[in-house]
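Asks: One structure, as structure tokens, below. Some questions next.
A short reminder: the numbers here are calculations on the coordinates, not readings from a lab. Because the structure is a prediction, the values reported are computed rather than measured. With ideal geometry, Cβ positions are generated from the backbone for all residues, glycine too; neighbour counts draw on all protein chains shown.
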Amino acid sequence: MQTIIEPFRIKSVEPIRMTTHQEREAILKAAHYNLFALSAEDVLIDLLTDSGTGAMSSEQWAAVMRGDESYAGSASWGRFEAAVKATFGFEFVIPTHQGRAAERILFSVMCKEGDVVPNNTHFDTTRANVEYQGARAVDLVIPEGKVPEAIHPFKGNMDTGALEELIAEVGTERIPLIMITITNNSMGGQPVSMANIREVAAIAHEHGIPFYFDACRFAENAFFIKLREEGYEDSSVREIVTEMFAFADGCTMSAKKDGLANIGGFLCTNDAALAQQEKDLLILTEGFPTYGGLAGRDLEAIAVGLEEVLHEDYLEYRLASTRYLGEHIARQGVPIVQPPGGHAIYIDARAMLPHIPPLQFPGQALACELYLEAGIRSTEIGSVMFGKTEPDSGEELPADMELVRLAIPRRAYTQSHVDYVVEAIINVFERRQDIRGLKLTWQAPYLRHFTARFEQV
Ligand SMILES: Cc1ncc(COP(=O)(O)O)c(C=O)c1O
């Protein structure tokens with residue numbers, strides 16, 4: 001059968017409010033052309049993020065009812081800890097309210113001013129948390145990973161030659177850890193191969209540097225390995241995950257992605273002394289180490305989610321549905337990051353809108369246009385998110401790429417919603433010459449994309 005079907009049926013529905021083009025024009029202006037400022041009720045198809053926006057299963061809702069809300073040592077914590085250990089194999093598990101809390105604790109404990117942290121590509125919160133410690137976040141993705149149209153099965157791989165050079169240049173004592181983000185969200189949701197993981201871990205360990213995963217989309221990455229890497233076609237996804245994580249000394253995780261939960265995260269390590277320091281910090285801001293800012297019912301939902309996310313029928317549908325969206329728009333000429341990633345399709349706004357200069361934010365302009373056209377909310381991953389101000393001259397520098405991300409919430413939308421998105425993108429593509437750029441009118445000092453304001457040029 002060619003037709004993609006969801007490997008689940010729907011038990012509970014949530015209405016979508018329809019809006020007109022005219023209404024959306026007024027809404028967008030009032031939001032200062034920043035889609036983060038929209039009320040979700042004004043959005044028809046919300047592809048802003050795949051983070052915390054998925055639908056939970058009947059088993060997860062059943063587990064929620066089992067939630068034990070005891071302050072210390074709850075049964076829900078026991079089930080959560082067991083599920084995390086069974087999936088990832090680390091000795092110490094530190095629960096947090098979401099991924100960035102795990103990052104803040106990890107980098108507060110491991111990094112100091114002047115340190116350097118290599119990653120294939122830092123996600124924005126990861127970069128911000130590294131830089132907040134006075135350390136430098138260095139992205140070392142392979143060259144193909146930076147070329148949107150380049151086809152490579154594992155475009156998220158780290159450039160191991162560049163990693164060796166960096167270590168030689170700054171010295172091991174200034175590199176507190178090496179991290180790999182699976183899948184590589186900021187560069188197209190592209191996977192990392194087992195061979196690359198093995199090689200990076202070997203380099204790290206040869207220099208006595210701990211090796212960590214940003215594990216948000218570990219299951220999608222593992223399924224890509226099964227589909228694309230020689231020797232893994234007959235392995236189960238669980239076996240692949242076990243092998244991947246055996247190379248690492250720890251991980252940060254946002255359970256809002258492949259934890260199939262609406263909130264939650266955790267930090268793992270095999271180092272007892274480090275775990276103690278992390279727990280001390282956890283108590284200060286997140287909570288007692290057996291709940292870490294989460295309700296018992298959230299811990300339960302994550303424990304079940306970590307098991308369900310490894311179901312291969314689900315992963316097959318998940319990647320096929322994302323690929324369907326990418327292939328259908330690419331076939332009409334829309335430039336996308338190739339090949340389609342796991343959780344999202346990324347439109348190359350620089351290639352689609354060459355008449356808009358990078359500092360007039362083509363990605364942001366395109367995201368606004370998709371909202372106007374069909375009420376679709378996407379997000380810019382370009383010069384709004386990653387542009388920089390040169391410290392000496394004050395000059396604005398654009399990002400390497402101008403992408404618009406259409407992130408697909410897990411198990412929330414149907415294939416007919418995907419067809420609607422395809423149609424809307426093609427409509428906008430056909431009138432791309434008429435799209436105008438944007439001018440920044442206000443920005444915050446950190447993570448400016450969440451609150452920046454714009455007006456049309
Ligand atoms: C790769 C990656 N790392 C870290 C995070 C941060 O997780 P959270 O949003 O739960 O704080 C995200 C969230 O989108 C992510 O995609």
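Asks: What percent of all Cα-Cα pairs in the stretch 133-215 falls into each 10 Å bin, going from 0 up to the bin containing the maximum distance?
Replies: Calculated P(r), rounded to whole percents: 18, 52, 27, 3.
Asks: OK, next. Show the residues, 5+ positions off or on another chain, whose built amide H is closer than 5 Å to the amide H of residue 117.
Replies: The answer is 136, 137, 138.
Asks: Straight-line reach only, C-alpha to C-alpha below 21 angstrom: list the lysines that residue 439 could link to, leaving out same-chain residues fewer than 8 apart.
Replies: 29, 388
Asks: Could I ask something else about it? Would you mind getting me the FRET efficiency between residue 280 and residue 207? Use the beta-carbon distance for r and R0 = 35 Å, nearest 0.05.
Replies: Calculated value: 0.80.
Asks: What distance in nm separates the simple spin-label points at residue 4 and residue 228, each placed 7 Å from Cα in the Cβ direction?
Replies: Modelled inter-label distance: 1.6 nm.
Asks: Turning to a different aspect of this structure: Non-local amide H neighbours of residue 265 (under 5 Å, H modeled in plane, Pro and chain starts lacking H): which ones?
Replies: Hits under the 5 Å cutoff: 96, 98, 255.
Asks: Related question: Is the stretch 217-272 best put as rounded, prolate or oblate by its Cα gyration tensor, with a ≥ b ≥ c the root eigenvalues, rounded for a/c under 1.5, and otherwise prolate when a/b is larger than b/c, oblate when not?
Replies: In terms of gyration-tensor shape, oblate.
Asks: Filter the GluC sites (Glu not before Pro) in the stretch 18-118 to those in DSSP coil with at most 14 other Cβ atoms within 10 Å of their Cβ, and list the result. Before the final figure, lay out each step's value.
Replies: Working: sites: 23, 25, 41, 59, 69, 81, 91, 103, 113; in loops: 69, 91, 113.
Qualifying residues, ordered by number: 69, 91, 113.
Asks: Based on the alpha-carbon gyration tensor of the stretch 151-287 and its eigenvalue square roots a ≥ b ≥ c, which shape applies: rounded if a/c is under 1.5, prolate if not and a/b is larger than b/c, or oblate? Could you put the intermediate results ahead of the total?
Replies: Working: a/c = 1.83, a/b = 1.13, b/c = 1.62.
Taking the square roots of the gyration eigenvalues as a ≥ b ≥ c, the stretch 151-287 is oblate.
Asks: Right, next: Taking the Cα-to-Cβ direction at residue 270 and at residue 414 and moving 7 Å from each Cα, how far apart do the two end points lie in nm?
Replies: That separation, rounded to one decimal, is 4.7 nm.
Asks: Separate question: Between the stretch 105-171 and the stretch 390-429, what's the alpha-carbon centroid distance in Å?
Replies: Comparing the Cα centres of the stretch 105-171 and the stretch 390-429, I get a distance of 23 Å.
Asks: Neighbour counts of other C-beta atoms within 10 Å: give me 94, 376, 263 arranged from fewest to most.
Replies: 263, 376, 94
Asks: Amide H of residue 396 versus every other amide H placed in the peptide plane: which residues, excluding those fewer than 5 positions away on the same chain, fall under 5 Å?
Replies: For residue 396, whose amide H was placed from the backbone, the distant partners under 5 Å are 390.
Asks: Please compute the length gained on full extension between residue 199 and residue 443, using 0.36 nm multiplied by the number of residues separating them and subtracting their Cα-Cα distance.
Replies: 83.8 nm
Asks: Using label points projected 7 Å from each Cα along Cα→Cβ, tell me how many nm separate residue 455 and residue 30, to one decimal.
Replies: Rounded to a tenth, the inter-label distance reads 2.0 nm.
Asks: Only helical DSSP H runs with n ≥ 4 go in: add -39500 (n - 2.57) per run for the chain, normalise by residue count and round the 222 nm mean residue ellipticity to 500 deg cm²/dmol.
Replies: Taking each H run of at least 4 residues, the total per residue is -12000 deg cm²/dmol.
Asks: Counting only other residues whose beta carbon sits under 9 Å from that of residue 401, what net charge do I get with K and R as +1, D and E as -1?
Replies: Details: positive: 146, 350; negative: 348, 400, 402.
Once positives and negatives cancel, what remains is -1.
Asks: Which helices, counted as full DSSP H runs in the chain, have an axial Cα extent of no less than 24 Å and a Kyte-Doolittle average of 1.0 or above?
Replies: Span-like helices here: none at all.
Asks: What shape does the stretch 13-136 take by its C-alpha gyration tensor, where a ≥ b ≥ c are the square roots of the eigenvalues and a/c under 1.5 counts as rounded, a/b above b/c as prolate, and the rest as oblate?
Replies: Oblate.
Asks: What number comes out for the charge environment of residue 74, summing +1 per Lys or Arg and -1 per Asp or Glu over other residues with Cβ under 13 Å away?
Replies: -2
Asks: Then there's this: What's the center-to-center distance, using Cα atoms, between the stretch 66-99 and the stretch 342-357 in Å?
Replies: 40
Asks: Using the per-residue mean of other Cβ atoms lying within 10 Å as a proxy for protection, in what order, highest first, do the peptides 186-195, 115-124 fall?
Replies: Final packing ranking: 186-195, 115-124.
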